[in-house]
Amino acid sequence: MRQLAYHEAKLEALRELMEEDDRVYLIGGTFFSLSPHRLGFAAVEKAYPDRVAAPPISELGFCGLATGAAMAGLRPVVDLTTGSFLFEAWPQVCNEAANVLYMSGGQVRAPVVFHMLHGLRGGGAAQHSASPQAMLWNCPGLEIVLPSSPRDVKGLLKSAVASENPTVFIDHSGLFDTEGPVPEADHVPLGQADVKRAGADVTLIGTSLALHRALGVAEVLAREGIDVEVVDPRTLVPFDLDTVMASVEKTGRVVVVDETHQSCGVAAEIAARIVETGFDKLKGPIRRVATLDVPVPYSQPLEEHIGPSEGRITAAIRESIG
Amino acid sequence: MIPALPKTQLLAQCRKMLLVRHFEEALIGLHHEGRFRGHYHVYIGQEATGVPAISLLQPDDLLFSTHRNHGHILARGGDPGRLLAEILGRRDGYNRGKGGSFHTSPRELGFLQCSGVVGGILPLGTGAAYAAKSRASGQIAVCLFGDGALEEGAVPEAFNLASLWKLPVLYLCENNGKYGAGNAVGAMQSSTMAVYPLTDLPAAYKIPAVQVDGTDAAAVHEALNESIEAIRSGGGPRFIETLSVRWPGSETNWPVVKAPTAVDLAWDVSGIPEDVRAWYRDSDPVLRFMRELVESGQADKAELETLNRSVLDQINAAVDFAFDSPYPELSEAETDVFAENR
Ligand SMILES: Cc1ncc(C[n+]2csc(CCOP(=O)(O)OP(=O)(O)O)c2C)c(N)n1
Ligand SMILES: [Mg+2]
């Protein structure tokens, strides 16, 4: 199968979306933030000058505009660049887009996609490093997508645009240069987790960039004879509990690694669902490896210290197998 | 032109402009050497706005700035060593390494927040003015921000509040996109406003607003002086837009110094690479200020050379200080989340 870099697969998805559906409009940044890959996006911009818009620095305005345009028939994909800037757009995303279908009694849909890059990025400090997915998970009505591989970013972006619901598409700049297989004709549905590595001893659930750390740790521990299964939910809403529980039944031990803050974070919700459905399958407590409950510090060693590092994942797995 | 001020003050302003310029040039060099990571924004090209403007404030006034704060901090008397230490994420930085370039914010100099959120400081500065007015403290609040901020919805909301409640706040909008880079690919984002001149926006909220040449220290001095007096005497908020031409070194998101600043460039730009020469000749506020100091008889070239050398020495010492400063202890990551109750 052909191999693509993550940024290539993502760009291919954007291109195909533009080609295949003239309701798709791209509003916002470059989808690759300041990385050199933004120049790839420039070609899309050039090919579709009437369907790619660079708005003013008005996140509240253009997220609301995209939502309204979606309600009236378009399929807008908005790029907020950094996840932190979603906070500027909160009322339109969480109080308008998320509620419109329900509040209208099912009459009006808002099939808009909000794209952003989340997480610790190396010097983003407190105001440019947010991982808003856990807060968004507390907003019923929003779908939440977290790709981690070239295949997933392409497939999930296309499924997000095809979805009839408002979808938050949360990417990570640390993924752009990863490589992997991407089938030519492919479909990655929302709501289908992916077992990224099979194993028998511990279930390690990870999302986005943290998934790659999980895979790295799994390889290292394999040399010691610890067989880690790595599961990537890929979307939080909808959440594929079946795939997760199938793994938990096999291993009985669970570590969840994620970049949101620990309290009320993504790992907390996943752990709660596992405990509620399969308490009797667990051989011990579930461990969370999340970002410490502090705003993100700028200084490099401090930033590395608060995140879900390989060291903390390894320690959690060792504790879990006792 | 140069402000009508005694020579010692003019030379002090010239020294600060050179300090800002050489600090930023040194910073760009350090970044190219890979000696710190992350994104940063330089104040080159706006020195004749920040330096004269900030020199007119009182020590207890309340300041707010943005991602482009280095020049404001140095103009306010900030220590380049501690500023650089912050940008390097070191313990001796103003924010003890927690804020970084975008957020360096020395409270001891009157800065309450330098925010990386475009537009974020306008409501905050308006609130500081509300506190000052409520307590009749005599302070004013000053928001220093870019033209792009006006695109954010929080900004007109702040204008409305300040105008309705006659709050003592100065909005200083540094429009560094005089010939606008626009949203050209690879270029910095800059203002995309349906309202032009930008002063029309605050004016719609009945906030007196003027536009001045931000590379003309005398024009900045006069406009600020008039506005600050009006604010202090209870006249409510004021807005000033200063115009400057984007420094060609920031055409991309990662600045490049093609012509290190030197005193003789003020009179002879022939050695500067052709693609950037026009900016140094026509739009560089620091070279212009030095030229005007000499033309008006306030200084001679030799004096300026001495001043320039002393600034370069100070920058070298600042670089040593910052790199000698250790990273914070890891336990520092978990401090300052909550204040202790008193
Ligand atoms: C709310 C928000 N949206 C987007 C950004 C990304 N951003 C950083 S600087 C910048 C341009 C700001 O332009 P301006 O206000 O004119 O300031 P300048 O950089 O020109 O000094 C943008 C859009 C941000 N920091 N905050
Ligand atoms: Mg600007």
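Could you grab me the full set of residues in the stretch A:12-40 that are within 16 Å of ligand 1 (Cβ to nearest atom) and touching a residue at least 24 places away in the same chain (Cβ under 8 Å)?
The initial filter retains those residues of the stretch A:12-40 that are within 16 Å of ligand 1 (Cβ to nearest atom), namely A:27-35, A:38.
Residues satisfying the conditions are A:Ile27, A:Gly28, A:Gly29, A:Thr30, A:Phe31, A:Phe32, A:Ser33, A:Ser35.
Just need a number here: residues in the stretch B:289-309 that are open to solvent by 50 Å² or more (accessible area, probe 1.4 Å), part of a helix (DSSP H, G or I) and acidic (Asp, Glu).
3
Can you spot a residue in the stretch A:75-86 that is open to solvent by 20 Å² or more (accessible area, probe 1.4 Å), within 13 Å of chain B (Cβ to nearest Cβ) and under 18 Å from A:Phe31 (Cβ atoms)?
Within the stretch A:75-86, one or more residues are open to solvent by 20 Å² or more (accessible area, probe 1.4 Å), within 13 Å of chain B (Cβ to nearest Cβ) and under 18 Å from A:Phe31 (Cβ atoms).
Of the residues that sit in the stretch A:241-293 and are under 18 Å from the mean Cα position of the chain (by Cα) and of a type in the set (Ser, Thr, Tyr), which one is surrounded by the most Cβ atoms within 10 Å (Cβ to Cβ)?
Among those that are under 18 Å from the mean Cα position of the chain (by Cα) and of a type in the set (Ser, Thr, Tyr), it is A:Thr260.
Mind checking whether some residue in the stretch B:50-64 is under 26 Å from B:Glu152 (Cβ atoms) and among the hydroxyl-bearing types (Ser, Thr, Tyr)?
Checked the stretch B:50-64: no residue is under 26 Å from B:Glu152 (Cβ atoms) and among the hydroxyl-bearing types (Ser, Thr, Tyr).
So which residues in the stretch B:36-68 are assigned to a loop (DSSP other than H, G, I, E, B), touching a residue at least 40 places away in the same chain (Cβ under 8 Å) and open to solvent by 30 Å² or more (accessible area, probe 1.4 Å), if there are any at all?
Once the filter is applied, which keeps residues that are assigned to a loop (DSSP other than H, G, I, E, B), touching a residue at least 40 places away in the same chain (Cβ under 8 Å) and open to solvent by 30 Å² or more (accessible area, probe 1.4 Å), the stretch B:36-68 yields B:Leu56, B:Gln58, B:Pro59, B:Asp60, B:His67.
Could you pull out the residue among A:Val108, A:Val100, A:Val78 that is under 20 Å from the mean Cα position of the chain (by Cα), farther than 25 Å from B:Phe145 by Cα and assigned by TED's automatic domain parsing to the domain that holds A:Asn138? Give the steps one after another, and end with the answer.
Details: A:Val108 fails: under 20 Å from the mean Cα position of the chain (by Cα); A:Val100 fails: under 20 Å from the mean Cα position of the chain (by Cα).
A:Val78 is the lone residue from the list that is under 20 Å from the mean Cα position of the chain (by Cα), farther than 25 Å from B:Phe145 by Cα and assigned by TED's automatic domain parsing to the domain that holds A:Asn138.
Please go through the stretch B:124-178 and give me each residue that is open to solvent by 20 Å² or more (accessible area, probe 1.4 Å) and within 16 Å of ligand 1 (Cβ to nearest atom), ordered by number.
Result: B:Leu124, B:Gly146, B:Gly153, B:Ala154, B:Pro156, B:Glu157, B:Lys178.
Yes or no: the stretch B:313-323 includes at least one residue that is assigned to a loop (DSSP other than H, G, I, E, B) and open to solvent by less than 50 Å² (accessible area, probe 1.4 Å). Please lay out each step first, then the result.
So the first thing to find is which residues in the stretch B:313-323 are assigned to a loop (DSSP other than H, G, I, E, B), and the list is none.
No, the stretch B:313-323 has no match at all.
Between residues in the stretch A:120-135 that are closer than 16 Å to B:Val337 by Cα and residues that are within 16 Å of ligand 2 (Cβ to nearest atom), which pairs lie under 6 Å by C-beta distance while being six or more apart or on different chains?
A:Gln127/B:Gly116; A:Gln127/B:Val117
Could you tell me which of the residues B:Gly71, B:Gly29 is crowded, with 24+ Cβ neighbours inside 10 Å, of a type outside the set (A, V, I, L, M, F, W, C) and assigned to a helix (DSSP H, G or I)? Give the steps one after another, and end with the answer.
Working: B:Gly29 fails: crowded, with 24+ Cβ neighbours inside 10 Å.
Being crowded, with 24+ Cβ neighbours inside 10 Å, of a type outside the set (A, V, I, L, M, F, W, C) and assigned to a helix (DSSP H, G or I) holds for just one of B:Gly71, B:Gly29, which is B:Gly71.
Give the residues of the stretch A:48-63 that are small (Gly, Ala, Ser) and within 16 Å of ligand 2 (Cβ to nearest atom), sorted by residue number.
If the condition is that a residue be small (Gly, Ala, Ser) and within 16 Å of ligand 2 (Cβ to nearest atom), then A:Ala54, A:Ser58 are the ones that fit.
Among the residues of the stretch A:131-165, which ones are open to solvent by 10 Å² or more (accessible area, probe 1.4 Å) and outside any helix (DSSP H, G or I)?
A:Ser131, A:Asn138, A:Cys139, A:Pro140, A:Gly141, A:Glu143, A:Ser149, A:Ser163, A:Glu164, A:Asn165
Considering every residue within the stretch B:319-333, establish whether at least one is among the hydrophobic types (A, V, I, L, M, F, W, C), more than 27 Å from the chain's Cα centre (by Cα) and within 14 Å of chain A (Cβ to nearest Cβ).
yes
Considering only the stretch A:241-322, give the helices (runs of 4 or more DSSP H) lying wholly within it that have at least 1 residues that are within 14 Å of chain B (Cβ to nearest Cβ).
Passing ranges, in order: A:300-306, A:310-321.
The values are calculated or read from the model by the stated rules, or taken from the named source; none is laboratory data. What you are looking at is a predicted structure, and each value in this text was computed from that prediction instead of being measured. Reconstructed Cβ throughout: ideal geometry from the backbone, glycine too, with neighbour counts over all protein chains shown. Areas reflect the complete protein model, heavy atoms only, side chains present, ligands, DNA and RNA absent. Shrake-Rupley method; radii C 1.70, N 1.55, O 1.52, S 1.80 Å.
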